[in-house]
1. Output the residues belonging to the stretch 62-99 that are under 9 Å from the mean Cα position of the chain (by Cα) and of a type in the set (Val, Ile, Thr).
2. Which of the residues spanning the stretch 78-99 are under 17 Å from Val115 (Cβ atoms) and without any contact (Cβ under 8 Å) to a residue 40 or more places away in the chain?
3. Taking the stretch 77-100, which residues are buried (at least 24 other Cβ atoms within 10 Å of the Cβ) and charged (D, E, K, R)?
4. If you go through the stretch 123-164 one residue at a time, how many are at pLDDT 95 or above and not aliphatic (A, V, I, L, M)?
5. Among helices (runs of 4 or more DSSP H) lying entirely in the stretch 1-110, which contain 1 or more residues that are closer than 15 Å to Phe165 by Cβ and at pLDDT 90 or above?
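The values are calculated or read from the model by the stated rules, or taken from the named source; none is laboratory data. These numbers were taken from a predicted model, which means no experiment stands behind them. Every residue, glycine as well, gets a Cβ built from its backbone with ideal geometry; the counts of neighbours run over all protein chains shown.
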Amino acid sequence: MQRALGRAGLLVLLVAAVASGGAVTATGSSEFPGSVYPPPVRSAPGAAFSSCPNPSGLEQFDAATEKLAEHVALRYGHASLATDLHHSDRSFWTMLRGYWRGTKHGTWLSRLQVVRGAAPGPNMEWSEVVRYYCGPKLLRDSLELTVTVRHLKNCDDCNGIHELFIDRHGVPLVYMVH
């Protein structure tokens with residue numbers, strides 16, 4: 001039931017963000033409920049992660065939430081900072097704001113159009129980094145999607161990015177882009 005409510009909530013957030021032209025702000029209000037966007041937790045010392053997603057409410061991906069994550073991945077970085085905040089874990093918000101601040105015109109991932117691959121946590125390219133900085137539970141509950149430009153074929157990493165997701169109560173959230 002909670003998973004279905006999470007998916008319905010994500011759809012409402014998507015519709016609200018589109019209807020408002022992406023003008024939603026990250027105020028910690030009811031737009032960002034604590035059950036979906038809890039405060040981040042400390043990471044192990046080092047440079048890869050300044051903080052980690054809170055383990056509260058994490059679930060393993062199923063086919064439905066993986067499909068939702070693919071939908072988010074294809075549009076991530078295209079619309080607005082406000083839209084991306086709704087699709088991101090709070091542990092990634094500082095970095096995300098930096099990505100959007102760095103854009104002068106247009107969007108920061110506008111050329112990426114196709115999900116080329118999905119890897120569950122233990123099979124992710126960054127699996128050992130995630131395990132070290134954020135622990136085995138986050139690794140187990142993660143999903144990595146590789147997104148590239150449409151015209152590339154047979155190319156694992158050419159001009160593409162890897163988006164790392166968690167599933168919190170049926171809502172897929174980005175927590176790292178590399």
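1. Within the stretch 62-99, Val72 is the sole residue that qualifies.
2. Matches in the stretch 78-99: His78 only.
3. Asp84, Asp89, listed by residue number.
4. 14
5. Because the criterion is at least 1 residues that are closer than 15 Å to Phe165 by Cβ and at pLDDT 90 or above, the helices (runs of 4 or more DSSP H) in the stretch 1-110 that meet it are 63-75, 81-86, 93-101.
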